[in-house]
Amino acid sequence: MSKNETPGTIEVATLGGGCFWCIEAALKQLEGIKSAVSGYAGGHLDHPDYAAICGGATGHAEVVRFEFDPGQIDYRTLLLAFFTAHDPTTPDRQGNDVGEQYRSVIFTHSAQQANVARGLIEELAAQGIWPDPIVTQVLPATRFWPAETYHQDYFLNNSHQPYCAMVVAPKIAKLRKSFADRIKKG
């Protein structure tokens, strides 16, 4: 725990890394994640819905708003997991999902979060983990709009669906392997 974290305090992280079903399912299995809500952020339309977002003209990204306990998982570790769960080098796409709504973005809720995010991106870029440059945007948090009810816990409720089996499940497995010591017990 860092000197700026207080035990029992809940912080918020808003992350977009392609389809929110993937990011939600992968990261919510980490210890310290108290809630995960899929939604939309970063656009100019009030009360957006999935159809408007998919139309590509609202400027929103599919994101997940996580509430987390920094005494159990610090923001940097959460971001490391985020970078493990998606490809931060593809502008406006993740795999076959293409469009501005699928961009890699970190919406920060404080100057400290922005500094951590930018610093981690610099570290990862220097390590040369990916052959292409990291294109993840780091932006101040904007209004968050929860997605429709059927998008919440989508993988949990639809794991048999082909997209979940072929796209979401491998991301969950990758995160479980890379963060085995950070996965919730039970």
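The values are calculated or read from the model by the stated rules, or taken from the named source; none is laboratory data. Quick caveat: nothing in here was measured; it's all calculated off a predicted structure. Note that each Cβ is placed from the backbone with ideal geometry, even for glycine, and that neighbours are counted across all protein chains shown. To get the accessible areas, we keep the full protein, side chains included, count just its heavy atoms, and leave off ligands, DNA and RNA. Shrake-Rupley method; radii C 1.70, N 1.55, O 1.52, S 1.80 Å.
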Selection from region 162-185 of residues that are part of a loop (DSSP other than H, G, I, E, B) and either of a type in the set (Ser, Thr, Tyr) or open to solvent by 70 Å² or more (accessible area, probe 1.4 Å) (or both)
184, 185
Those residues of region 14-58 which are at positive phi, open to solvent by less than 20 Å² (accessible area, probe 1.4 Å) and at pLDDT below 95 amount to 18
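So which helices (runs of 4 or more DSSP H) stay within region 1-106 end to end and still have 3 or more residues that are in contact (Cβ under 8 Å) with a residue 60 or more places away in the chain?
The qualifying helices (runs of 4 or more DSSP H) are 20-27, 75-85.
Being at pLDDT 95 or above, in contact with a His (Cβ under 9 Å, 6 or more places away or on another chain) and not aliphatic (A, V, I, L, M) is the requirement here; does residue 110 meet it?
In short, no.
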Within region 119-138, does at least one residue satisfy the condition of being over 17 Å from residue 14 (Cβ atoms) and assigned to a strand (DSSP E or B)?
no
Select from region 127-168 the residues that are of a type in the set (Gly, Ala, Ser) and farther than 20 Å from residue 39 by Cα and write down the one among them that is farthest from the chain's Cα centre (by Cα).
128
Inter-residue pairs, beta-carbon under 9 Å, first among the polar types (S, T, N, Q) and in region 130-152, second open to solvent by 60 Å² or more (accessible area, probe 1.4 Å), 6+ apart
152/146
Taking region 90-99 and keeping residues open to solvent by less than 80 Å² (accessible area, probe 1.4 Å) and either under 13 Å from the mean Cα position of the chain (by Cα) or more than 19 Å from residue 164 (Cα to Cα) (or both) leaves 90, 92, 94, 99
Of the criteria (1) within 27 Å of residue 177 (Cα to Cα); (2) in contact with a Gly (Cβ under 6 Å, 6 or more places away or on another chain), which one residue 99 fails:
(1)
